[in-house]
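S.K.: Take this structure first; my questions come after.
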4 protein chains.
Amino acid sequence: MYTNEYVDAKDPSHPANLICELCRLFYDKDWVTGTGGGISIRDTEGENPNLVYIAPSGIQKEKLQPWEMFVVELPGTKILNTPNNCPKELTKSYKYKPSACTPLFLSCYNMRDAGACIHTHSQNAVMATLLWEESIEFKINNIEQIKAIPKLEYNKTTQKVEKIGNLENYDTLVLPIIDNVPHEEDLVDDLENAILKYPGATAVLVRRHGIYVWGENIWKAKVYNEALDYLLELAVKMKLAGIPTVKNN
Amino acid sequence: MYTNEYVDAKDPSHPANLICELCRLFYDKDWVTGTGGGISIRDTEGENPNLVYIAPSGIQKEKLQPWEMFVVELPGTKILNTPNNCPKELTKSYKYKPSACTPLFLSCYNMRDAGACIHTHSQNAVMATLLWEESIEFKINNIEQIKAIPKLEYNKTTQKVEKIGNLENYDTLVLPIIDNVPHEEDLVDDLENAILKYPGATAVLVRRHGIYVWGENIWKAKVYNEALDYLLELAVKMKLAGIPTVKNN
Amino acid sequence: MYTNEYVDAKDPSHPANLICELCRLFYDKDWVTGTGGGISIRDTEGENPNLVYIAPSGIQKEKLQPWEMFVVELPGTKILNTPNNCPKELTKSYKYKPSACTPLFLSCYNMRDAGACIHTHSQNAVMATLLWEESIEFKINNIEQIKAIPKLEYNKTTQKVEKIGNLENYDTLVLPIIDNVPHEEDLVDDLENAILKYPGATAVLVRRHGIYVWGENIWKAKVYNEALDYLLELAVKMKLAGIPTVKNN
Amino acid sequence: MYTNEYVDAKDPSHPANLICELCRLFYDKDWVTGTGGGISIRDTEGENPNLVYIAPSGIQKEKLQPWEMFVVELPGTKILNTPNNCPKELTKSYKYKPSACTPLFLSCYNMRDAGACIHTHSQNAVMATLLWEESIEFKINNIEQIKAIPKLEYNKTTQKVEKIGNLENYDTLVLPIIDNVPHEEDLVDDLENAILKYPGATAVLVRRHGIYVWGENIWKAKVYNEALDYLLELAVKMKLAGIPTVKNN
C-alpha cells in the first residue's frame, strides 16, 4: 500500500485511516451519500499537531482511501500534500480538488482549537432548519441526550473558549442556524460570526444544507455529531407532533 | 489480550464479552448512540452469581472492550474491579468512571433478582413518553407482540415477584413512566417506587430520557427490550394516526 | 457440527440452513425481532418432499442453529424429529417446543401445496390492518411492484390452485384480513376459510398481529413476502397522506 | 468460477461484477427488493465500449452472480451472450429472460451516450409521483444536495447533450414524470420523449413505479441516483410538512 511522509496507511489510528473508517460509518447512516459532507482531522497526537487531513471534493465518501487526503498546516491554508502527488496508477490520472469545506474546517480549527470537524448533509439537520425556517437558532431542552453535548465557556484569562463540562439535561441546547449561500466557501464569514456570537456552541446548522460539528478530537466530534443528530431527529418528530422542543423548567 | 480475575476475554459467553457484542447491536439499532444508554449483566452462570458487570460512563458503546467493565458484588455497591486497574498502555491513561446508571441497575438486581438490565435512549421510548405526556403509565393491548413480555406476579410465600408465564395478546401491557431528573443517580427513588408499585412490569420508562428493561438473564432482557421497543414504535405510529392503543375486549 | 438423519448442516441449501440464513436477514429487517415470526420450509428438493422444517417456539430468530428445527411429515402433524433429541451439551437442557405457527404452516402446505411459508410481525402489515380496521380485505392496485405477486387460479381439472403467471400492475391485489385470536393455533379455521375464499391470494393478513405468506419454494415465498411488505409499507404511507390505494383504471 | 468471453469474474471492476456489488448495496437500501429494479453497465473501459451488461428479469438482485448477465451490443438490440449459455449445473436449468428494462436502458445509452443506467423502485420516488399526482414534473431548489446533480446542455455543434458542470444549489432541479403502463417495454416511447424534451435531466420518474437514472459511468450514475433519492426523500417530507419544495430566489 502506498505511503509517503504524510500517509501511513498501516496505523489504523492515523487521521487518514480514521477519516476512511468514519466515512464508511457515516455513509451507512445516510449522512454523506451522493458525495455529500466530509470529515477533517487534525493530527493532535502526531509530531506536528498543526497538520490537518481533509477528504477531497466530490468523492464517494464510503470508498475513500487513506492516500486521497489533502494535508494543510495550521493556521495557514497552504496545502502540504495532495493526492495528485500519488502515482498515476493509483489516481488513475484523476485530478483531485480540495473540498469546498476546507476554509470552513480551518475556521473551526483556528477559532476553537478543534481537533476534528465533521460536516454532514443529515436530513434531520436540514428538516430542522426548514421546520424552524424563520428562526436563526435551533433550541431544545429537557431531553437526556443533551448531556452528551459539551458545556463551553469563554475564558477571559486564556482568551479561549474552553470546555468546562457537559450540558445538563435541563439546560437549553442552542445551535445557531446560518443561511446557505451558492458557494460553500462563501459561508466562511457567516460561520465565523456564528462561532463568535455563540461561544457555547460546538456546531452550526446551515439552512437547507446540513451541519458543521467540531470537538477536541475526532472521537469527541463523532459523539457530539451523533448526539446532535439524535436530538435533531427527535426535535423534527416533536415539531411534527405539535410538541414544543423547549419547555420551561 | 488482557485478562485478570474478572475478565476472561476468551469465552464469548462471558458477561464482559456479551456486553460488548450487544452494545454493537444496540448501536446499529440507534439505541445507544452518542455514548447513551448501557448494559449490565450479572454472572448468573459463573462461580459467584452476585458479580455484576457494568459498562463505564461516557464511552462509545459500539467500541467497548471486555476489559473496560466495572465489576460490583451484590447486594452492596462496592466496586471489585475497575478498568483503571488495567495497564496504562491499554487505558491510554484514561480515567474511567462508573456509569451513572449503576445504582439503577443495582435496584433492578436487588428488588427483582434480575440477571441483566438494559438501558436505552430509544427514540420510540422517548416519543411515547412525550405523546402521553400527562400520563404516568404507558398502556397497550391486543397486539400479538405483547406475548413476548413476561407475566409477573408477587408470590406471598417467597415474597418475590416471579414469572408465571407470558402475557396474552389481549392482556394490557402497563409500563410505569417516571419523570426525568437532572442527575441519573437521583432517579433511584422513583425507579424503586415504580418497581414496587408495578409488580407486573419488567421495565420502567423515563420521560424525555429512555427505558430501563430487565430480565431473568441477558437473553430474556434482550428479547423483552426488543419486544417493548417494537410495541413502543407501533404505539407511537398508532397515536399519530389517531388509533387508540388500548381497545376494550 | 452436529448432524443426524434430518439435519445436514454442511449443505447451505438444506432447509434447516436456509431457515437460519433467512431468519438473520428477517431480523435485520425488523420482521422477527423479540422472538416474533417464523419460517418453515418443505424439503421439495430432497428425497422426501413431504418433510417440513419448522423453527421452534420462542427462540431468538437471528441466533437459530440448523439442529434446532422440528421436522414434520405432511399431510399429518406427527413430529419426526425435535431438537430435544440433540445432545444435552448442545441444547443446554433447554426444552424446545414446536412453534404455535405449526398448524398454520401445515394448512398452507396441505391446501396450497406450498414449498415454504413465512410468518412475520412486520409493522407495515400490522399498521395496514389497523388503518383499515373495519375492512376484511387489503387492496392496492396500479403500483409496479404488484407484478412480483403471483396470479393464482383454481383449476377445476386438477382441483388445485395453480400459478398462471404474475399479476399485472393494473390488477388489484387483494389480501384477506382475519382477526387475531388469543392462541395462535386457534387461527387455523379462519386461516383455512380465508385460503378457500381467496384462491387468488398467496398471503393472509392477521389483524394486530402480522402476515402469513407462502410460495412454491422458499425463494418465491421470500420474494412474495418482500414485495408484499413493500406494498404494505407504501399503502400505509399513502393512507396517511390521504391517497387512495385503489384507483379506477 | 465460470468464465467465458464476456464474463471475467476475477476483475472486481468488470461490469458484471460491479452490477453484483451494487445490487447488494441497493438491496440493503430497499431500492430493489422483491426482484424489483435493475442495473446496467456499458463496458466503457473495455475493448468494445459498445457492450452493455444487463441483469436478467425476475431475479433476486442481492443474489446475482456475474455469469447471470445478458450482454447486448449497442446501438442494436442483438443479445451477444445470455446466462442460458452457461453450463446447466450452474443455471440449474433455469431459463433466464432478458430484463423488461432492456429497451429502456438502451434508449438511455443511445440517446445520451450514457455509461450506466440504474432503475429502482425507491419508495421515495414512488411517493413523490403520488404526492404530485397531477404534475408531469418534479421540482426542487435551494437544497445543497442539488449540487451533486450534473448540469446538462444540448450542444448544437456536436448535436449531443453534454455535461457542462454541476447544478448550483439555487438552480431548480426538474425531473420529468411519465405515467406507468402495463408492460415495462411499452414505456420506451414516453421515456424517449421525456429524454428529448428535458435535455437537462439525467433521470426520469415513472409514476407509481420508480426512477430511471443514468450517468457517464457507473460511479456517476450511482452518485446521481443517491443524490436524487436523498432529494426525493426530503421532498416527500417537506410536502407532508407543508413546506414548498420550490422557493423563489
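S.K.: Choose one of A:Y2, A:N50, A:G38: the residue whose Cα lies farthest towards the positive end of the charge dipole of chain A (beta-carbon charges +1 Lys, Arg; -1 Asp, Glu; about the Cα centre).
M.R.: The residue sitting farthest along the positive end of the dipole is A:G38.
S.K.: Report, as a whole number in µm² per second, the diffusion coefficient that Stokes-Einstein gives for the protein assembly as shown at 25 °C and 0.890 mPa s using the Kirkwood radius over alpha carbon pairs. Don't skip to the answer; put the middle values down first.
M.R.: Details: Rh = 30.4 Å.
Translational diffusion coefficient: 81 µm²/s.
S.K.: Considering only DSSP beta bridges with both partners in the protein assembly as shown, what is the antiparallel share in %, to the nearest 5? Walk me through the numbers on the way to the answer.
M.R.: Working: 140 of 148 bridges.
Percentage antiparallel, nearest 5: 95.
S.K.: If the label for B:G58 sits 7 angstrom from Cα along the Cα-to-Cβ line, what are its distances to the same label in every other copy, in nm to one decimal, shortest first?
M.R.: 4.3, 4.3, 6.1
S.K.: Right, here's the next one. Over segment D:1-99, with the other protein chains present, what is the accessible area per residue in square angstrom, probe 1.4 angstrom? If you can, show how the numbers build up before the last one.
M.R.: On the way: 4640 Å² over 99 residues.
On a per-residue basis, 47 Å².
S.K.: Here is a further query. Report the number of Lys pairs in segment D:157-230 whose alpha-carbons are under 18 Å apart, with separation of 8 or more residues or on distinct chains.
M.R.: On the way: D:K160/D:K197; D:K163/D:K197; D:K163/D:K220; D:K163/D:K222.
Lysine pairs meeting the criterion: 4.
S.K.: If you look for lysine pairs in segment C:67-155 that are eight or more places apart or on different chains, how many of them have Cα atoms under 19 Å apart?
M.R.: Values: C:K78/C:K95; C:K78/C:K97; C:K88/C:K97; C:K139/C:K147; C:K139/C:K151.
So the count works out to 5.
S.K.: Leaving out ligands, DNA and RNA, and with a 1.4 Å probe, what % of the accessible surface on segment A:57-114 is carbon or sulfur?
M.R.: Numbers: 1390 of 2630 Å².
The C+S portion of the solvent-accessible surface of segment A:57-114 is 53 percent.
S.K.: In addition: Over chain D, calculate the relative contact order: mean separation of alpha carbon pairs under 8 Å at least 6 apart, over the residue count, as a percent. Provide the component values of the computation, followed by the final result.
M.R.: On the way: 479 pairs, mean separation 44.9, N = 249.
This gives 18 percent for chain D.
S.K.: Select from C:P56, C:P15, C:P98 the residue whose mean-square fluctuation is largest in a Gaussian network model of chain C (Cα-Cα springs shorter than 10 Å).
M.R.: Of C:P56, C:P15, C:P98, the Gaussian network model singles out C:P98 as fluctuating most.
S.K.: Another question about this same structure. Helix C:15-28: angle to the longest alpha-carbon principal axis of chain C, degrees 0 to 90, nearest 10?
M.R.: 50 degrees
S.K.: Scaled to the compact-protein estimate 2.2 N^0.38 Å, what is the alpha-carbon radius of gyration of segment C:102-249, rounded to two decimal places?
M.R.: On the way: Rg = 14.4 Å, N = 148, 2.2 N^0.38 = 14.7 Å.
Segment C:102-249 yields a ratio of 0.98.
S.K.: Can you tell me the 0 to 90 degree angle between the C-alpha axis of helix B:188-197 and the longest principal axis of chain B, rounded to 10?
M.R.: 50 degrees
S.K.: Comparing B:C20, B:C86, B:C117, which has the greatest mean-square fluctuation in the GNM of chain B with Cα pairs linked when under 10 Å apart?
M.R.: Among B:C20, B:C86, B:C117, the largest GNM mean-square fluctuation belongs to B:C86.
S.K.: Please list the equivalent ellipsoid semi-axes of segment C:1-99, computed as the square roots of five times the alpha-carbon gyration tensor eigenvalues, in descending order and whole angstrom. List each step's numbers first, then the result.
M.R.: On the way: eigenvalues 72, 53, 36 Å².
Its equivalent ellipsoid spans semi-axes of 19, 16, 13 Å.
S.K.: Which distance in nm do the two modelled labels at A:Y154 and D:K151 give, with both placed 7 Å along the Cα-to-Cβ direction?
M.R.: 4.0 nm
S.K.: In percent, what relative contact order does segment A:38-89 have, based on Cα pairs under 8 Å that are 6 or more apart in sequence? Mind dumping the intermediate values first?
M.R.: Values: 71 pairs, mean separation 13.7, N = 52.
Once divided by the residue count of segment A:38-89, the mean separation gives 26 percent.
S.K.: Still on this structure: Express in Å², to the nearest 10, the accessible area of A:H121 obtained by rolling a 1.4 Å probe over the protein heavy atoms while all chains stay in place.
M.R.: We get 20 Å² for A:H121.
S.K.: Where in chain D lies the longest segment free of trypsin sites (Lys or Arg not before Pro) that are both loop residues by DSSP (not H, G, I, E, B) and have at most 12 other Cβ atoms within 10 Å?
M.R.: My reading of the result: D:157-249 is the longest stretch.
S.K.: Let me know the charge dipole size of chain C about its Cα centre in debye, to the nearest 20, where only the beta-carbon of Lys, Arg (+1) and Asp, Glu (-1) is charged.
M.R.: Working: 26 positive and 33 negative charges, 55 e Å.
Taking the Cα centre of chain C as origin, the dipole is about 260 debye.
S.K.: Further question: Which residues, if any, in segment D:135-151 lose at least 40 square angstrom of accessible heavy-atom surface (probe 1.4 Å) when the other protein chains sit next to their chain rather than the chain being alone?
M.R.: Those are D:E144, D:Q145, which lose 40 Å² or more relative to the chain on its own.
S.K.: Right, next: With every protein chain present, what accessible area does C:I136 have (1.4 Å probe, heavy atoms only), rounded to the nearest 10 Å²?
M.R.: That residue has around 100 Å² of solvent-accessible surface.
S.K.: In peptide C:216-223, what is the residue-averaged number of other protein chain Cβ atoms found within 10 Å of each Cβ? Write out the running numbers ahead of the final one.
M.R.: Numbers: counts 0, 0, 0, 4, 0, 0, 3, 7.
Other-chain Cβ atoms within 10 Å of each residue's Cβ, averaged: 2.
S.K.: Could you work out the helix-only [θ] at 222 nm for chain B, with each DSSP H run of four or more residues adding -39,500 (n - 2.57) and the total divided by the number of residues, to the nearest 500 deg cm²/dmol? If you can, show how the numbers build up before the last one.
M.R.: Working: 6 runs with 71 residues, N = 249.
One gets -9000 deg cm²/dmol as the mean residue ellipticity at 222 nm.
S.K.: If each label sits 7 angstrom from Cα along the C-beta direction, how far apart, in nm, is D:E185 from its counterparts in the other copies?
M.R.: Label-point separations across copies, in nm and ascending: 5.3, 5.3, 7.4.
S.K.: Can you put D:S57, C:S99 in order of accessible area, largest first, using a 1.4 Å probe? Display every interim value, and only then the final one.
M.R.: On the way: D:S57 40, C:S99 15 Å².
Result, largest first: D:S57, C:S99.
S.K.: Please work out whether chain B counts as rounded, prolate or oblate from its C-alpha gyration tensor, where a ≥ b ≥ c are the square roots of the eigenvalues and a/c under 1.5 means rounded, while otherwise a/b larger than b/c means prolate and anything else oblate?
M.R.: Judged from the Cα gyration tensor, chain B comes out prolate (a/c at least 1.5, a/b above b/c).
S.K.: May I pose another question? According to the square roots a ≥ b ≥ c of the eigenvalues of the Cα gyration tensor, what is the shape class of segment B:171-249, taking rounded for a/c under 1.5, prolate for a/b larger than b/c otherwise, and oblate for the remainder?
M.R.: Numbers: a/c = 1.71, a/b = 1.37, b/c = 1.25.
Taking the square roots of the gyration eigenvalues as a ≥ b ≥ c, segment B:171-249 is prolate.
S.K.: While we're looking at this one, here's another question. For label points placed 7 Å from Cα toward Cβ, what is the shortest-first list of nm distances from C:P244 to its copies?
M.R.: Here the equivalent label points are 3.0, 3.0, 4.2 nm apart from this one.
S.K.: Using only protein heavy atoms and a 1.4 angstrom probe, determine the accessible area buried between A and D, summed over both sides, in Å² to the nearest 100.
M.R.: Values: alone 12240 and 12250 Å², together 22350 Å².
That pair hides around 2100 Å² of surface in total.
S.K.: So which chymotrypsin sites (Phe, Trp or Tyr not before Pro) in segment D:133-182 end up in coil per DSSP with only 16 or fewer other C-beta atoms within 10 Å? Provide the component values of the computation, followed by the final result.
M.R.: On the way: sites: D:F138, D:Y154, D:Y170; in loops: D:Y170.
Of the chymotrypsin sites (Phe, Trp or Tyr not before Pro), the ones in loops of segment D:133-182 whose Cβ has at most 16 other Cβ atoms within 10 Å are D:Y170.
The values are calculated or read from the model by the stated rules, or taken from the named source; none is laboratory data. The shown structure was predicted, so the numbers you read here are calculated from the model rather than taken from an experiment. With ideal geometry, Cβ positions are generated from the backbone for all residues, glycine too; neighbour counts draw on all protein chains shown. To get the accessible areas, we keep the full protein, side chains included, count just its heavy atoms, and leave off ligands, DNA and RNA. Shrake-Rupley method; radii C 1.70, N 1.55, O 1.52, S 1.80 Å.
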